[in-house]
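The values are calculated or read from the model by the stated rules, or taken from the named source; none is laboratory data. Owing to the predicted nature of the structure, the values given are computational and were not obtained by experimental measurement. So basically every Cβ, Gly included, is an ideal-geometry build from the backbone, and we count neighbours across all protein chains shown. All accessible areas refer to the heavy atoms of the entire protein, side chains included, with ligands and DNA or RNA removed. Shrake-Rupley method; radii C 1.70, N 1.55, O 1.52, S 1.80 Å.
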Amino acid sequence: MSALPNSHEVLLKNQNLLRGRLAIIGMVDPALLPRLPDRGLTISEHFGNYQQLLAVSGWTAAFGYDAPELSSGMADTLVVFLPKARVELSVRLELALWLAAEGARLVLVGEKKEGIAGAVKQLKELAPQASKADSARHCQVWQADSLPRRPVFDLQRWLQWHPVECEGVGFRMAGLPGIFSDGELDDGTAMLLQTLADSPLEKGPVLDFACGAGVIGTWLQLHQRATEQGVFPVDGVDVQFQAVACARATYREAGVDGLIHASDGLSGVDGRYAAVVTNPPFHTGIRTDTSMTERFLQGVAKHLEPGGELRLVANTFLPYEALIHRHVGPVKTIAGDRRFTVWSARRH
């Protein structure tokens, strides 16, 4: 049996804290579930993780914080794991208080390096009676009983809007806690948009892979309108719940077209596109991880029409050029500096 993350192992060590109907928020390894004493609901904001959770017998899986499977008062024990972004913890804690039944218990679990000390301060603001249950495997476990239950949970409370402007095209971008580059246009995406202005895509439809808050698809369609080019829809996919929710909101606000949906890599993508654009992630937590982009490059050609274009921006030091050439076709650099490079390739 493979080792579980430290936070999951320490929860197993303290499973005496768990009672009745369980709701687990933010678990990363589904192998934890069969080893727990009771059954219930598990919530993930990562679509690949959610798909794995669906296969675990006896458990209900939910994707995201506003999934239809969630209802008030449905859990007797709420387990909350720390998210990567501290601001996202406030969403998880408020959701837990809404899911809590009368007399429910909340269990907060996290590693010291993840910031459990600061997380405990947030917990005590909601439940001052919270106490430490254990400290092991570089983790802490905290419990709070007699929770202050919430009558409603509205994710829109955390939705914020931020102005975006590039090449004279402006719009508002939606943001939620935990989303990449929340509230600003990151420099890599800005460079990619500049190339789309200087060297427009020839035709559509277009897929925005790892679409985030929908900035590329929104800007591209608005720029086409402003320059009186033929406007074609831009679909978007992302593995993160917050990204999908924000991209849909950004598209609605800007009045642009395209289907936004969740997908772990390209597994949920059907059909072919005249172009695929992307600013793909290369981190898992704080660790450099190019595996998702490498899998994307291995499979993207089958989603490009013959002669279709892949346009990708990434940190210059990442080893993508050879992969693009191998899996897509002839590749060229169309913009770049010491930090970022934009590559363009045509499908063989």
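Return the residues of region 318-348 that are touching a Ser or Thr at 6+ places or on another chain (Cβ under 9 Å) and open to solvent by 40 Å² or more (accessible area, probe 1.4 Å); say none if nothing qualifies.
Passing the criteria: P319, E321, K332, T333, I334, G336, D337, R338, R339.
How about region 292-319: which of its residues are over 14 Å from V269 (Cα atoms) and of a type in the set (G, A, S)?
G307, G308, A314
Just for region 165-174: of the residues that are at pLDDT 95 or above and surrounded by 16 or more Cβ atoms within 10 Å (Cβ to Cβ), which one is nearest to V239 (Cα to Cα)?
Among residues in region 165-174 that are at pLDDT 95 or above and surrounded by 16 or more Cβ atoms within 10 Å (Cβ to Cβ), the one nearest to V239 (Cα to Cα) is A174.
Would you point out the residue of region 81-94, among those that are open to solvent by 50 Å² or more (accessible area, probe 1.4 Å) and not in a loop (DSSP other than H, G, I, E, B), that is modelled with the highest pLDDT?
Let us first name the residues in region 81-94 that are open to solvent by 50 Å² or more (accessible area, probe 1.4 Å), namely 84, 86-87.
Within this subset, residues satisfying the condition of being not in a loop (DSSP other than H, G, I, E, B) are 86-87.
Working: R86: 87, V87: 90.
Among those residues, the one meeting the criterion is V87.
Taking the criterion of being at pLDDT below 95, out of contact with any strand residue (DSSP E or B) (no Cβ under 8 Å at 6 or more places or on another chain) and not in a strand (DSSP E or B), would at least one residue in region 272-285 satisfy it?
Yes.
Of (1) under 20 Å from the mean Cα position of the chain (by Cα); (2) in contact (Cβ under 8 Å) with a residue 40 or more places away in the chain, L259 satisfies all except one. Which?
Failing condition for L259: (2).
Residues in region 95-119 that are open to solvent by 10 Å² or more (accessible area, probe 1.4 Å) and within 14 Å of P83 (Cα to Cα): how many?
Looking only at that region, the number is 7.
For Y251, only one of the following conditions fails: (1) touching a Ser or Thr at 6+ places or on another chain (Cβ under 9 Å); (2) assigned to a helix (DSSP H, G or I); (3) closer than 17 Å to E45 by Cα. What is its number?
(3)
Out of E253, E184, I need the residue that is in contact (Cβ under 8 Å) with a residue 40 or more places away in the chain, surrounded by fewer than 17 Cβ atoms within 10 Å (Cβ to Cβ), within 27 Å of R157 (Cβ to Cβ) and touching a strand residue (DSSP E or B) at 6+ places or on another chain (Cβ under 9 Å). Which one?
Numbers: E184 fails: in contact (Cβ under 8 Å) with a residue 40 or more places away in the chain.
Matching residue, one of E253, E184: E253.
Quick one: what pairs do we get from region 53-66, first residue in a loop (DSSP other than H, G, I, E, B), second basic (K, R) and surrounded by fewer than 17 Cβ atoms within 10 Å (Cβ to Cβ), C-beta under 6 Å, 6+ apart or different chains?
Every condition considered, the pairs that remain are G58/R39; W59/R39.
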